[in-house]
Amino acid sequence: MRPIATCILSSSQAPQALHGHDLDAYVQIGSLSKTLTGTALAQLAARGVLQLDTPLEQFLPVPRGTGITLRHLAQHTSGLPRLPPQVKRRDPYAAFDDAALHAVLQRLDAFTTAAPGQTEEYSNLGYAILGAALTSAAGMSYQDLLDLYVLAPLDITDITSAPPPDRCLHSRRLFGRPRRPWTMTGAILPAGGLWATPRATAHLVTKLLVEQELGEPALSWQRAGTVLWHNGATGDASVFAGATPDGRWVLVHRLTGQADRTDELGIELLQQATPSP
């Protein structure tokens, strides 16, 4: 079996790029994008542009009375399902464009499976809607929103929705041809469509979770005891990021959509890590 291209960055060892990975090439980070969307939400709330518990209908054309707030979307407690409608196996989000999102918004009450705040169900659809609400509230594109409220304050440049093609790194088929990545530039972008270099992603993790340069970590980070973490996966890439209160952190990126082993490796390395000097 051909070895999987892997990048490992952590608080306790020098960065590693193994089997053809590259610390400075752009790769898909999947649902780790949600942590940037959540951070943008926190920054907009801190600046008084919006409030976390404002009903969704204040920002988007949804039926009145759903009870869904921005906080519900950020915490996966909106009652919305995991996926948008009509997701297909190959390139699943290619058809989920702005028109498809608008159609969902108009009938949003028909998609909920539980009352807001009652249960937690991880939802890519919810984060697509959250991103749309944030861009509506701020009056700018999603990329401009991230640049202004998240990336520029952290002095990070190599995270984007539109990476330069000549710097993108893809997994490869059996005879070496690069695989075509999932199309995630449409409405699903805030839920999982960002590209980043592993080096920039590691800077993001340390600045948000260890140094907390933008304040308390966003609601989008998952919590396991005192560990803050998030993962992400697309058809051909997977990532795990995590940190602990004592300053240990890890980032693992692999050019494979088989995310379970990426998560396992990230957890193992986080448990073995030591805090940065």
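Charged neighbours of His230, selected by a Cβ distance under 11 Å, balance to +1 (K, R count +1; D, E count -1). The Rg/Rh ratio for the range 72-226, using Cα coordinates for both the radius of gyration and the Kirkwood hydrodynamic radius, is 0.98.
Computed in the context of the full set of protein chains, the accessible area of the range 1-157 at 1.4 Å probe radius has 48% of its extent on carbon or sulfur. Coordinate range of the alpha-carbon atoms in the range 141-243 per principal axis, descending: 45, 32, 25 Å.
Divided by 2.2 N^0.38 Å, where N counts the residues, the Cα radius of gyration of the range 1-142 comes to 1.24.
Taking the inverse of the average 1/r across all pairs of different Cα atoms in the range 202-277, what Kirkwood radius in Å do you get? One over the average 1/r among Cα pairs gives 12.5 Å for the range 202-277. For the range 160-233, the relative contact order is 21 percent, taking Cα pairs closer than 8 Å that sit 6 or more residues apart in sequence and dividing their mean separation by the residue count. Rolling a 1.4 Å probe over the protein heavy atoms gives the range 22-66 an accessible area of 37 Å² per residue.
Given 10 Å bins starting at zero, what is the percent of C-alpha pairs of the range 47-108 in each, up to the one with the largest pair distance? With 10 Å bins starting at 0, P(r) equals 20, 45, 29, 6, 0.
Placing unit charges on the Cβ atoms of the charged side chains and taking the dipole of the range 142-190 about its Cα centre, the candidate lying farthest along the positive direction among Pro190, Ile159, His170 is His170.
Remark: the range 75-193 carries 53 Å² of accessible area per residue (probe radius 1.4 Å; ligands, DNA and RNA excluded).
Seen from all directions on average, the chain presents a Cα convex hull projection of 14.3 nm².
Computed over the range 86-155, the Cα gyration tensor eigenvalues convert (square root of 5λ each) into semi-axes of 25, 17, 13 Å, ordered from largest to smallest. Sorting the segments 157-166, 224-233 by their residues' average number of neighbouring beta-carbon atoms within 10 angstrom, most packed first, yields 224-233, 157-166.
Over the range 2-77, the ratio between the Cα radius of gyration and 2.2 N^0.38 Å evaluates to 1.67. With just the Cα atoms defining each centre, how far is the range 121-169 from the range 240-277? Give it in Å. Each part reduced to its Cα centre gives a spacing of 23 Å.
The values are calculated or read from the model by the stated rules, or taken from the named source; none is laboratory data. The structure presented is a predicted model; accordingly, all values stated were derived computationally and were not measured. Virtual Cβ from ideal backbone geometry, glycine too; neighbours counted across all protein chains shown. Heads up: the accessible areas ignore ligands, DNA and RNA and are worked out on the full protein's heavy atoms, side chains in. Shrake-Rupley method; radii C 1.70, N 1.55, O 1.52, S 1.80 Å.
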